[in-house]
Amino acid sequence: MDQLSLDNQGFIFLADLEGNIYQYDRNGKFINNFSPARQGSLSQLEAFWTVNIFTFSTDLQEYRILNRFIIPIAENRFPMDLVGLAKMATLGNNNVIWVYDETDLSLKQFDYIRGRIIQNQPLNLILDRSSLEITDIKEYQNLLFLNIRDEGVFVLDNQGNFIKRIKVESDQKIGFWKSNVVYLKDKKINLVNFQSDETEEIEVPIGIEPKAVRINRNNVLFFDSNQVWIYNKSETPLDKF
C-alpha cells in the first residue's frame, strides 16, 4: 500500500505502488478496484471531494479524475508547453488543478477542461528563502496547504497569496479534520488548528505502530504500508473534535 484517502461517505480508497486503486466500505470490506492502463506509483490520491476522486503521478506526469465508482472521467498529461515538470498537484474548485512546476519554481492553476493556465505564481518570491522541497499540496476549505520538508505547512489563499505558516513537524501527507491539520509524531496524533494555531496531542492506541492517520466523522484510521487499523471514532478521545 502506498496511499490512503477517505471520502465524505466513509469509504476507504487505497493505492498500491503500481497505481491500482482499491475501494472499501467503512468497515474494511472490499467493494471495487481500478487498474490504470499505464502503471506507476501515485504521488497523490484524493477522495475527500464530494463528487470526484483525483490522482496524480509525478513519474508518469499524468493526472486522473474518477467518479465515485472509480471510473475515469478525465485523464491526461500536463501540456509540456505549459508545465515543464509537475512535481506535485492537487484538485481545486471550478475545474482547476493546482500544479507545482519545478522547472520555474511556480505554482500554477491549470484549467483541465479548457487546457490552459489561468494563474501563475512564482513560489520562490512568495515563500522567500524556502527550499521549496514540497512533500504535499492540498486545497481544503478554499485554502491551499503546502507541506515543505523541515519547514512546516504554508497556507495560501485561493489566489495563491501567502497567509501564514503552521508549525507542523512531519513530511507525511497532509490530513484534515474540521479546522485541523492532522499528523502522527512520536506515537501521538497531533491536531493543529489552522485558524487559531491551537494544538492538541492524543496518544495512539496501545499495540499498534502506524505511520499515518486519517479521520472522518465515523472512524479513525491508522495505517502503514502493510495494513490499516480502523477504530470507531466515538470510542476514542477524538470524539470531542
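The values are calculated or read from the model by the stated rules, or taken from the named source; none is laboratory data. Predicted model, so just to flag it, every value in this text is computed and none were measured. Neighbour counts run over all protein chains shown; Cβ positions are idealised from the backbone, glycine included. These area figures cover heavy atoms from the full protein model, side chains too; ligands, DNA and RNA do not enter into them. Shrake-Rupley method; radii C 1.70, N 1.55, O 1.52, S 1.80 Å.
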For this session: Provide the gained length on full extension for the span SER41 to SER179, in nm with one decimal, where the gain is 0.36 nm per separating residue minus the Cα-Cα distance.
Result: 46.7 nm
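With +1 on each Lys and Arg Cβ and -1 on each Asp and Glu Cβ, how big is the dipole of the chain about its Cα centre, in debye rounded to the nearest 20?
560 debye
Given 0.36 nm per residue, what is the gain on full extension from ARG129 to PHE69 after removing their alpha carbon distance, in nm?
Residue separation times 0.36 nm, minus the Cα-Cα distance, leaves 17.3 nm.
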For this session: Would you mind getting me the FRET efficiency between GLU203 and MET1? Use the beta-carbon distance for r and R0 = 30 Å, nearest 0.05.
Result: 0.80
For this session: Just the number, please: carbon plus sulfur as a percent of the accessible area of the chain, 1.4 Å probe, no ligands or DNA/RNA counted.
Result: 45 percent
Seminar exercise, completed: Dividing the mean separation of Cα pairs under 8 Å (6+ apart) by the residue count of the chain yields a relative contact order in percent of 10 percent
Seminar exercise, completed: For segment 137-234, whose charge dipole is built from +1 on Lys and Arg Cβ atoms and -1 on Asp and Glu Cβ atoms, the candidate among ILE208, ILE166, ASN232 with its Cα farthest towards the positive end is ASN232
For this session: Compute the separation of the alpha-carbon centres of segment 1-79 and segment 219-241 and state it in Å as a whole number.
Result: 21 Å
Exercise. So who's got an amide H within less than 5 Å of the one on GLY19, skipping anything under 5 residues away but keeping other chains? H placed 1.01 Å off N, in plane.
Worked result: GLY40, LEU42
Exercise. Lysines near LYS108 by alpha-carbon distance under 16 Å, same-chain residues fewer than 8 away left out - which ones?
Worked result: LYS87, LYS138
Problem set entry | Dipole axis of the chain (+1 Lys, Arg; -1 Asp, Glu on Cβ), positive-most option in SER131, THR103, PHE30 | PHE30
Problem set entry | Shape category assigned to the chain from the gyration tensor of Cα positions, a/c cut at 1.5 | oblate
Problem set entry | Mean projected area (nm²) of the alpha-carbon convex hull when segment 1-136 is viewed from all directions | 8.4 nm²
Problem set entry | Residue-count net charge about VAL192 - beta-carbon cut-off 9 Å; Lys, Arg +1, Asp, Glu -1 | -2
Problem set entry | Extension gain (nm, one decimal) between LYS164 and ASN33, 0.36 nm per residue minus Cα-Cα | 43.3 nm
